[in-house]
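Engineer: One structure coming up, written as structure tokens, with questions to follow.
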Amino acid sequence: MASFKPTQIPDLPKLGEKITEDTLYWKNYKAPVQIKEFGAVSNIDFSPVSPHNFAVTAFTRIHIYGPFSQEPVKTFTRFKDTAYCGRFRSDGQLLVAGCEDSVVRLYDVGGKAALRMYKGHTKAVHVADFTTGRYQILTASDDYTCRLWDIPNAVELTAYQEHTDYVRCGVTSKLNRDLFITGSYDHTLRVFDSRTEKSVMTMDHGQPVESLLLYPSEGLLVSAGGRYVKVWDLLKGGQPLVSLKNHHKTVTCLALNSSGQRLLSASLDRHVKVYNTTNYKVVHNFDYAAAILSLGLAPDDESIVVGMTNSILSIKHRKNLEEPKETSKPRRRPSYRVFMKGKNFVPKQDDYFVSKPARQHLAKYDKQLKRFNVSKALDTALEAWLRRKKPEVTVAVIKELDRRGTLKNALAGRDEEQLSRLLCFVIGNFFDTRFTPVLATTAEIVLDIYQCVIGQSAVIDRHLIHLQKLLEKEIYYQKDLMEILGMLDTMFAFSLLRKETAVAGLPECHTAAANVEIFKIVFEQSTCLYT
Amino acid sequence: MVEYGDIRVVYRGGSKINFRKPVISNDSRFLLCASGESVKVFSSVTEECVHELRGHTGQVTGVLLRPSNHLQVYSCSTDGTVRLWDFTDGILVRTYVVGYPVYSIYASLNHKEVVFIVTPVQSDKRTELFQLVAVNLPQTPDQLVEARDLSAVLSDVSSNPSTIAFGRGGEYLASVNNLKMEIYFFKKNKSYSFSLREYTKNGGKNTFTCIACHPKDDCVATGHDDGKIRLWRNFKQKKEYTYSTLHWHHSAVSSLCFTPEGTNLLSGGVESVLVQWRYNQENQKDFLPRLGAAITHVTVSPDGALFSTSHSDNKITIIQSCVKVSAVIQGLVKGENVTTGLLVDPRSKALVLNGRPGHLQFYSLQRDKLLFHLDIVQQEYIHEAGLEQFEVVRAAFDASGLWLATVEERKQKSAELELNLKLWSFDEQTQSFVLNTTVSAPHEARITAMCFSQAADSQTTTLVSASRDGHFKAWQLGLPAHTDDEGPSWSCDFVGAYHGLVPRCCCFSADGSLLAVGFQEVVTVWNPTSWELLTTLSQPPGDVRNLCFGQLSCSKYLLGSNNKKMVCCWNLLTCSLEWSTSMDVSLLLVDSRSENMAAFCCQDGSTDLFVFKPSEPRPLFSQKAVCSGRVIHAVFTPREVMLESSEESSQWLNRSQLYFLTEFMDLLTFSTKAEEEKLMASSKQLVIDDTVAMTPFYLLLGKHRHEHLGNEESAERTPLPQSSVAIKELLQTPAHVLPATSFLCSMFAKSLLISVTETREENKHVDEEMESEKEEEDSDEEVETKISRPEQEAKGVQGGESTAPTLTKTQVRELRRVRKQDLSWITGLLDS
């Protein structure tokens, strides 16, 4: 004797994005703290030493924020014009910044006034950075030059005049004190060695270069310019590895996460994208309110700081894992004594052991279905929490009733309240494509059965008219979609070469067409009743 | 055509066991049922077939325990004989020749040596009129007895055996036919008849379907077409009869049965629920629901301990007094149509086809037994007339047997087609298939073909389904998502179409590198990795019906047959037609173990078979009129042990067997002579001990014993090498009974000596006998010392030469044989 087979509840595919480890990781940030700066935030730099303050360059000021403060810890305001590129030295003691007025200033993090001023550039200095040797400064300017300065003496050591356009980004090697790379609006990336007179390597990015990033191993170089992010293999003589085109506006900033496994790129299109560095696929995406100019990632990814053109600095802190989780009260379980009752009984030698048949647990609607109580089964399936929380269960029960050929019996003989509950459910889920075929038949049968009593109840009439309007809307909507599909098809057919290849059809458009048919049928039926 | 004597077509899969009511023996240990031309005896505990009583030459139509001897059973058949069997030993006791086809048989204790049979009215064989005839069985010791002493009892009865029953120890006999019930009293020699009107007020059909008589009471229960059961009483007077009605069944009652004490009435019908009514308290009833399929017969064992129900899906269920199912005897289910075709499970080598509604059955061909049913639809089966059920329409296995794909569909009038594609993975732990993915509505129209890529070593398995909506879809196993707890699932990888034509067949090449899809008249060849259309092959007119890639050395060929009586073979290297021939091929299939292909051609009612290699012009084998009727499905099943037939005509059967299914749902196969001989030999080995039911346990032990016996025999027969005897003795004798080593050394040395050449042969012969003798002596008396041995041996050797005058060689041999026989007999005694 086979046991009763319960109604199969289909495991419907979950709509929306797939949840991956990356989405979980990158979503694990608190709501952003937003701070208004005085102008567009052009640069963000984290101090390499604890407590990892960060310097935010915005308009004529550089603010230094503590890791959790919303107010600046320190402010440098002595700039004549817009400041650029405030960066910390590797010991976190000194800060260098370029300026629109072509002067490079060096500050002590503790002090106020500039320690040194480096004059020599003729135009705005957009790049300033310390070399690994700690006693030299690299600067690059709109006068097409990049220079190395001696910190204590404020003397220019070397100047390279190889770029033919503004130099807007540069990065110094962390491993070699003599090596640095600059990117310019002349589309080139140049690798310089301070021991030689000329650049040692040149790469063509193809777009004005906005940002550069060296991997911790310094074997790979990432450059951003235009809509492209390109990865170069320096060890292979600057061979391009990949070119990523995931943004639709200029990419302005690059960052690498603490593990070096994910690359972040920020763009004027207001997105920050996270790439996997093994296959360079986008694994996550952040949206921001305005075009992004600068991006900073705290060590250990503790916070993501983003500066935008609307002079807003957005800081996202990581959620603390140690935060006590709000655990619900543990359910009271039966006491140990009750639980163990009879479990430790050992049968004697002559005892005849009667095994207790395991009882099959059935859901409420299944119990009714087992007894062939079709109306009651539908009632239980339409219980409030079930139809709201798990509409797929209700739909599965309706489908099962339809399969048994008893849906009409189950739907018939309902009073106003029950019927309005049913209609509410139908209206609420009618346009879920997964449920449409089943609910369309239900609606048809309901209209069939109750057409003679239409007009007797205001509630039911309101529901039916609502359904009718919804259907009308949906039909127009689907028609529009079909028109667009038709247009697309013509365009594809026009643009594709006439080849003897088959075109892979879009399965969605077929289901859309099928749905239009269903909607039309139900709609016609309901309009017939009302006209 | 050449006549191939050694290959013949044989039936497989057994016959129906639910054709007639089964019989349970008095001790409830055996269950007997008619099955084709034989009676099968099953053990009611182990479900194994203990005996098969063969002898009838026509369909067995009834089985009946002999009332006077409960260890004997009557069987009747359409061949016009009634046979008496001893079913515990499986021996035919007597054959009574009646001379007319017998449709059912009855007997009662009151009528000694008389059986009642139903035969057609003899005047005209065409008419569907039957009569009940009493046959006096002559008591003679002969094996074959003519039983011509017939006397008609009732005329105009139904041929259905459940419409006649004996009442109250054989006092009367009740028969129903259509709307009339007739009760015949033997004492009065008078019959009363009662009839019902054709329709009751509610419109239910009143036709009688079955009858049962109460064993102790004057009460007759009849079942009707509208699901009612009527209990008739007081029918001794024609005028004053009464009846009461019981109604639970919603459609026809197919079988009724009283328990031996008459306390309960059992009824069964199409609802597959066994209903137990209390006699005289009819509102109390018990149910045993969900027995699997419509009940055709209900029987009770003579002691009332066991019930058994026969079901329409070729199954007999044994039930312990309406409480629980204790055993299920299941035969091959033969439904109305097999839509999935014949498949072979690569893992269990079982034949897979449609079984019960919504199930796939796995049938072991080696053991000729149904292994299990796999529930595909997983829905409660509701039987109701006019209700459309989900049917399994397509199934496919991948090469390793790890994945099973099934398609089920339900077509309702006025509603769209419901299709489900299900993918099942094989679970090693539970040794069964577990549902992995369900794709609802994989296509918009019926799926015409489905296949897995057959490459065993490829990393990704691809499933291709072609549908009438003009698309074919490729499904692949997706990578497991990181956070999902569940394993990987299948998803659509590619949708292909070709000019809006309808694909009818698809096929992967043996290495999985090519996919051929037949779009009506055009065959398209695709690359399954990049989904590029590689080439199109077209040979109009006619839609392509079957497609097959060649195997092994012929893998460059693609064969297709179309509906315009053409078979085409394309060479895939040149993309051109290699050959084509005019042949109306209905089925084309390829043997995966060899290059052979089989083509079934249907011509006016009979089917011809051609087996050929695509590279060779001459067919390897051809047979006209393989069977009557169309062959609808066929499959090559790989053999477990390769045959070594050297004959050219049967070589194609060496690696695999060809099974095919005709439109009459007969499962047939080809068997060679060598194979049959082997089978016969194995069946002889498996002669079963009478007293023991053939349980798996017995089979294990019994085989072991057989082997043991066989070993002994072979030891006697095969001559051991001369020298090894001494060594054996040296090594096998326990150390504590061994004689002195010096003595053994001389013996050993002697055994190594080469005797004189002339006498060698004779010596050998004598020695052999000596050795076998010795061994037996060994087994007789274990503690016998070995000292006498060499002397004996020497004597034997001498005996060949010197003692020749006293006894001739033949005499000596004779003498020894006699001795040997004696000894073996003693061995047997000692062993037992």
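Engineer: Nearest 100 Å², what total accessible surface is buried between chain B and chain A (probe 1.4 Å)?
Structural biologist: Working: alone 40910 and 30300 Å², together 68640 Å².
The summed interface area works out to 2600 Å².
Engineer: Can you give the local net charge around B:Asn562? Use residues other than it whose beta-carbon is closer than 9 angstrom to its beta-carbon, Lys and Arg +1, Asp and Glu -1.
Structural biologist: +1
Engineer: Averaged over B:347-353, how many beta carbons belonging to a partner chain fall within 10 Å of each residue's beta carbon?
Structural biologist: Per residue, the number of nearby Cβ atoms from other chains is 0 on average.
Engineer: Could you work out the mean count of beta carbons from other protein chains within 10 Å of each residue's beta carbon in B:375-382?
Structural biologist: 5
Engineer: Starting from the amide H of B:Arg20, placed 1.01 Å from N in the peptide plane, find each other amide H under 5 Å away whose residue is 5 or more places distant or on another chain.
Structural biologist: B:Ala34
Engineer: In terms of solvent-accessible area of protein heavy atoms at a 1.4 angstrom probe, what is the ranking of A:Phe492, B:Phe287, B:Phe610, B:Phe452, highest value first?
Structural biologist: A:Phe492, B:Phe287, B:Phe610, B:Phe452
Engineer: A further question follows. Residue by residue through region A:473-488, which ³J(HN,Hα) values in whole Hz follow from phi under the Karplus form 6.51 cos²θ - 1.76 cosθ + 1.60 (θ = phi - 60°), with glycine and proline marked x?
Structural biologist: Those phi angles translate into 4, 5, 5, 4, 4, 5, 4, 4, 4, 5, 4, 4, 4, x, 4, 4 Hz.
Engineer: Hey, another quick one. Assuming a ≥ b ≥ c are the square roots of the Cα gyration tensor eigenvalues, decide whether region B:302-420 counts as rounded (a/c under 1.5), prolate (otherwise, with a/b larger than b/c) or oblate.
Structural biologist: Numbers: a/c = 2.59, a/b = 1.27, b/c = 2.03.
In terms of gyration-tensor shape, oblate.
Engineer: By how many nm would the segment from B:Ser513 to B:Leu552 lengthen if fully extended, with 0.36 nm per residue of separation less the alpha-carbon distance?
Structural biologist: Taking 0.36 nm per residue and subtracting the Cα distance, the gain is 12.7 nm.
Engineer: Okay, moving on. Which of the listed residues, B:Gly262, B:Ala221, B:Ala327, is farthest toward the dipole's positive end in region B:162-330, when Lys, Arg count +1 and Asp, Glu count -1 at the beta-carbon?
Structural biologist: The Cα lying farthest towards the positive end belongs to B:Ala221.
Engineer: Let me ask something else about it. Would you mind working out the accessible area per residue for region B:162-330, using a 1.4 Å probe, and quoting it in Å²?
Structural biologist: With the other protein chains kept in place, region B:162-330 gives 40 Å² per residue.
Engineer: Between B:Cys210 and residues 5 or more places away or on another chain, which pairs have amide H atoms under 5 Å apart, with H built 1.01 Å from N, and which residues are they?
Structural biologist: Long-range HN contacts for B:Cys210: B:Gly223.
Engineer: May I ask you to rank A:His271, A:His187 by accessible area, largest first, using a 1.4 Å probe over the protein chains only?
Structural biologist: Numbers: A:His271 40, A:His187 65 Å².
The ordering from most to least exposed comes out as A:His187, A:His271.
Engineer: Turning to a different aspect of this structure: Just to verify a number: FRET efficiency for B:Ser432 and B:Cys492, C-beta to C-beta distance, R0 = 22 Å, to 0.05?
Structural biologist: 0.25
Engineer: Describe numerically, in nm with one decimal, the distance between label points set 7 Å from Cα along Cα→Cβ at B:Asn234 and at A:Lys119.
Structural biologist: About 13.6 nm, to one decimal.
Engineer: Using a 1.4 angstrom probe on the protein heavy atoms only, line up B:Asp511, B:Asp286 by accessible area, largest first.
Structural biologist: Numbers: B:Asp511 100, B:Asp286 60 Å².
Putting B:Asp511, B:Asp286 in descending order of accessible area: B:Asp511, B:Asp286.
Engineer: Quick one: if the Förster radius is 30 Å, what FRET efficiency do A:Ile9 and A:Ser420 give, using the C-beta to C-beta distance and rounding to 0.05?
Structural biologist: According to the calculation, E is roughly 0.75.
Engineer: Going by amide H atoms built from the backbone, whose H comes under 5 Å of the H on B:Ala449, apart from near neighbours?
Structural biologist: Long-range HN contacts for B:Ala449: B:Ala466.
Engineer: Sort B:246-258, A:188-200 by packing, meaning the average of other beta carbons within 10 Å per residue, with the highest value first.
Structural biologist: The peptides rank, most packed first, as B:246-258, A:188-200.
Engineer: Please give me the summed charge of the neighbours of A:Met117: other residues whose Cβ is under 13 Å from its Cβ, Lys and Arg +1, Asp and Glu -1.
Structural biologist: Net charge in that neighbourhood comes out at +3.
Engineer: Would you mind putting B:538-548, B:422-432, B:355-365 in packing order, based on average other-beta-carbon counts within 10 Å, highest first?
Structural biologist: The most tightly packed comes first, giving B:355-365, B:538-548, B:422-432.
Engineer: Take the alpha carbon gyration tensor of chain A, find the square roots of its eigenvalues, order them as a ≥ b ≥ c, and report rounded if a/c is under 1.5; if not, report prolate when a/b exceeds b/c, else oblate.
Structural biologist: It comes out prolate by the Cα gyration axes.
Engineer: Find out how many positive minus negative residues lie around A:Ser267, taking Lys and Arg as positive, Asp and Glu as negative, among other residues whose Cβ is under 13 Å from that of A:Ser267. Before the final figure, lay out each step's value.
Structural biologist: Numbers: positive: A:Arg227, A:Lys245, A:Lys249, A:Arg270, A:Lys273; negative: A:Glu210, A:Asp269, A:Asp287.
Counting the neighbours of A:Ser267, the net charge comes to +2.
Engineer: Further question: Once you order the gyration tensor axes a ≥ b ≥ c over the Cα atoms, which shape class does region B:53-119 get: rounded for a/c under 1.5, otherwise prolate or oblate by comparing a/b with b/c?
Structural biologist: Oblate.
Engineer: Same structure again: Kindly tabulate the residues in region B:525-551 with an accessible-area decrease of at least 30 Å² between the chain alone and the assembly of all protein chains, using a probe of 1.4 Å.
Structural biologist: Those residues are B:Leu533.
Engineer: Could I ask something else about it? At 7 Å along Cα-to-Cβ for each site, give me the label-to-label distance between B:Asn189 and B:Asp225 in nm.
Structural biologist: That separation, rounded to one decimal, is 3.7 nm.
Engineer: Calculate the mean, over all residues of peptide A:461-469, of how many other protein chain Cβ atoms lie within 10 angstrom of the residue's Cβ. It would help to have the intermediate numbers written out before the result.
Structural biologist: Numbers: counts 0, 0, 0, 0, 0, 0, 0, 0, 0.
Mean partner shielding for this stretch: 0.
Engineer: Could you state the accessible area per residue of region A:399-463 in Å², with a 1.4 Å probe and every protein chain left in place?
Structural biologist: Per-residue accessible area for region A:399-463 comes out at 43 Å².
Engineer: Could you compute the FRET efficiency for B:Val328 and A:Val33, with r as their C-beta to C-beta distance and R0 at 60 Å, rounded to 0.05?
Structural biologist: The computed FRET efficiency comes out at 0.25.
Engineer: Continuing with this model, one more query. Arranged from highest to lowest average of other beta-carbon atoms within 10 Å per residue, in what order do the peptides B:44-55, B:147-158 appear?
Structural biologist: The peptides rank, most packed first, as B:44-55, B:147-158.
The values are calculated or read from the model by the stated rules, or taken from the named source; none is laboratory data. Keep in mind it's a predicted model, so treat the numbers as computed, not measured. Positions of Cβ are generated from backbone atoms using ideal geometry, with glycine treated the same way; all protein chains shown enter the neighbour counts. Remember, those area values only see protein heavy atoms, side chains included, never the ligands or the DNA or RNA. Shrake-Rupley method; radii C 1.70, N 1.55, O 1.52, S 1.80 Å.
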